[in-house]
Structures are given as structure tokens and as C-alpha cells.
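Here the structure comes first, spelled out in C-alpha cells, and everything after it is commentary.
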Amino acid sequence: MFTSVLMIEKALTSADVEFVTTLHGDESVTFHVLLQPRGEQADRLLRAIDDLAMGALDEAARERETPEGEAAKSEGQRALDVSLQALRASGSAAEGRLIEDHPLDALKGVVEEVGADEVIVLTDPHYVEEFFHRDWASRARHKVGVPVLKLFSHSKV
């Protein structure tokens, strides 16, 4: 049994589920999913710059509409529940939790707690953070002690 900690920022799409569940061929995988609601993870300016870099002008203009605080938590819980159901429906074992503060500390704790074999960070591109190596995957590589795989989400939800 292979154990992966999967960090996400939104609900998994069916393409994402297929992608992560087939990474190890026929080997059984247990997923420990960590989701930090997007409204809590980065400030609006960085998100707007990312949207502009991707040519998503409409998204950049709507960044101020992104839920924050309790609203983001509620939306995040729904996204986590949907993702866990999708992983289980694909035949994988999956459990998860929302993380509100210090996502990399939470990640390190879960990796140690479950004896993870790897970390998968599944995210949309965040060009500003990636350029400065401040994205989750880059920072996690120096903290968790297991391989960290960075994958880009297949489509927007």
C-alpha cells in the first residue's frame, strides 16, 4: 500500500482524480487530502497577478469576490467532501481535513503521522509564487523529508 498526502486548493475534477489515482499503476494508494481554502492561502494581489499572467482578465477583476474567512471555510469543506467521495469512488482509500493556518507545518505533521511515501501538490499555476519559489511544492521540498510531486490541475472548477 502506497501512502500519498495530497495538497489541494479546490475540489478535484474527474480528470484530476484519474490523474492522481493512476500515477502508481495498479498499486493501491491511500490518500490523505489536505485542503486550504483559496481565500485563506494568498492575498488577492498575487491571485490577481496570476490571473492576469494567464490571460484571465475576468478572473482578475473578480478576485475581490473570492470568499474569505468563514465563507471560504464552508466552501472548502464542500470541496474537500466532494474530493474525498471522488477518490473513494475510484477505489482509493481517502481521508482528509481542512487546514487553516500554517499549511506546511500541517503537511509535515501529516506526513510524519501517516508515514507518507510522497506528497502530491495539485494546484493551478501560481506564477508569481513559483517564480520566487514560494509555492507550496517548492517550500515543502525543504520541509517534509519525502519526495514532493507538483502537478497542475486539469481544469478549472
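A 1.4 Å probe, protein heavy atoms only, puts the accessible area of Lys143 near 80 Å². If you sort His102, His154, His142 by accessible surface, 1.4 Å probe, largest first, the order is His142, His102, His154. Summing Lys and Arg as +1 and Asp and Glu as -1 over all other residues whose Cβ lies under 14 Å from the Cβ of Thr30 gives a net charge of -4.
Based on the mean of other Cβ atoms within 10 Å per residue, sort peptides 2-9, 14-21 so the most packed one is first.
On the way: 2-9: 22.2, 14-21: 17.2.
Those peptides, ordered most packed to least, come out 2-9, 14-21.
The values are calculated or read from the model by the stated rules, or taken from the named source; none is laboratory data. Remember, it's a predicted structure, so these values are computed and weren't measured experimentally. Because the Cβ atoms are built from the backbone with ideal geometry, glycine has one as well, and the counts that use them run over all protein chains shown. The accessibility values were calculated without ligands, DNA or RNA, using every heavy atom of the protein model including side chains. Shrake-Rupley method; radii C 1.70, N 1.55, O 1.52, S 1.80 Å.
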